[in-house]
1. Being touching a residue at least 60 places away in the same chain (Cβ under 8 Å) and hydrophobic (A, V, I, L, M, F, W, C): is that true of residue 218 here?
2. Select, from 167, 140, 82, 96, the only residue that is charged (D, E, K, R) and touching a Cys at 6+ places or on another chain (Cβ under 8 Å).
3. Here are the criteria: (1) under 16 Å from the mean Cα position of the chain (by Cα); (2) closer than 14 Å to residue 139 by Cβ. Tell me which single one residue 63 does not satisfy.
4. Just give me the residues in segment 120-139 being crowded, with 23+ Cβ neighbours inside 10 Å and within 10 Å of residue 107 (Cα to Cα), in sequence order.
5. Failed condition for residue 250, given (1) among the hydrophobic types (A, V, I, L, M, F, W, C); (2) in contact (Cβ under 8 Å) with a residue 40 or more places away in the chain; (3) part of a loop (DSSP other than H, G, I, E, B), with all others met?
6. Every residue in segment 51-71 that is crowded, with 19+ Cβ neighbours inside 10 Å, touching an Asp or Glu at 6+ places or on another chain (Cβ under 7 Å) and not aliphatic (A, V, I, L, M), please.
7. Name every residue in segment 175-198 that is crowded, with 18+ Cβ neighbours inside 10 Å and either in contact with a Phe, Trp or Tyr (Cβ under 6 Å, 6 or more places away or on another chain) or among the basic types (Lys, Arg) (or both), in order of residue number.
8. Could we say that residue 187 is without any contact (Cβ under 8 Å) to a residue 24 or more places away in the chain and in a loop (DSSP other than H, G, I, E, B) here?
Amino acid sequence: MVGYFLSRRMTSKQGVDFLIYALLLLLSLCGTWQGGTAKAQGARSDSNNFIVFADSKELASDVSHMAEVYRKELALKWLGHELPQWRMRCPIFVKEGPTLGAGGATSFTFSYDGYSEPGDWHMEIQGSSKRILDSVLPHEVLHTVFATHFRQKLPRWADEGACTSIEDLSERTKHHKLLLRNLTSNKGIGLRRMFKMYEYPKDMLPLYAQGYSLVKFLVHQKGEQEFIRFVEEGLENEEWESALCRRYEVDNLADFQVKWLAWIKNGGLKIAPDTEIVWGQTTTTKKKLALVRPIYKKKKSLITTQKQGIQ
Ligand SMILES: [Zn+2]
């Protein structure tokens, strides 16, 4: 039933939190966690696309409201249009604690045909209420937006890099610092290998940090929607280098790497207060809904995405 789920060796407190959480997710996928959580947590808040379970009514309500805001605004920003309402709502299980490490996991299934929207959504998020709302929730919701748009697995660097890029400044700063440490200690991941990684590596954090930086570099040049077109083109035939050359005017992968590293060196990813993301600013009701495709019942694969924290 479970497509895959990797537990990992971690030493930080955050890692321990995440590992415990991963085990809970595994139970949830076996069907024993979902009901228990809802009952134990008591408070529930429903929106058009989400059903949120949390310890307090206030938090459940905040999460369901913001989940809809993120779903709308992220789709507009990255895809250029809103998404139609899902046929199946996504349950979100919230575990809040002031000292709890920030983390999350979202699973869903794709259909065999690759045309119908994903289903069997399941999202678990944890952390302080602030971190949940400003980082974990938008990160996980963007995974669902991408799943709805692409309807297939994405290379992990692109998926996690993009989802990390919309987290709170404090979280992005941690990834940037980790990237700088990795690049100066030979722990960077080779781009050719990374572009084709569809599974999480054993050590996930370097992938998140590097993916975040690469996505920012690409988005900095041509925006979010061109990045989406690049990923679409790369997915068509797995010719990522060719797609990169066409979309971003580089000679080859080596040329791209030189430019990316120079951008970092010149402070391209400089973290500044004005890079804070402001949410809830869209007022447009102009809708350009994605094509609703036929419904097929067979399921192809279960995908699990994760938000990995750093402390
Ligand atoms: Zn993620």
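1. Details: touching a residue at least 60 places away in the same chain (Cβ under 8 Å): no; hydrophobic (A, V, I, L, M, F, W, C): yes.
So residue 218 fails the test.
2. On the way: 167 fails: touching a Cys at 6+ places or on another chain (Cβ under 8 Å); 82 fails: touching a Cys at 6+ places or on another chain (Cβ under 8 Å); 96 fails: touching a Cys at 6+ places or on another chain (Cβ under 8 Å).
Answer to the selection: 140.
3. Going through (1) under 16 Å from the mean Cα position of the chain (by Cα); (2) closer than 14 Å to residue 139 by Cβ one by one, residue 63 breaks only (1).
4. 123, 124
5. All conditions are met except number (2).
6. Correct list: 64 only.
7. 175, 194, 195
8. Details: without any contact (Cβ under 8 Å) to a residue 24 or more places away in the chain: yes; in a loop (DSSP other than H, G, I, E, B): yes.
Spelling it out, residue 187 is indeed without any contact (Cβ under 8 Å) to a residue 24 or more places away in the chain and in a loop (DSSP other than H, G, I, E, B).
Every number here is computed from the coordinates shown, using simple stated rules; none is lab data. This one's a predicted model, so the numbers in the text were calculated from it and none came from an experiment. All Cβ positions, even for glycine, are placed from backbone atoms using ideal geometry, and neighbour counts span all protein chains on display.
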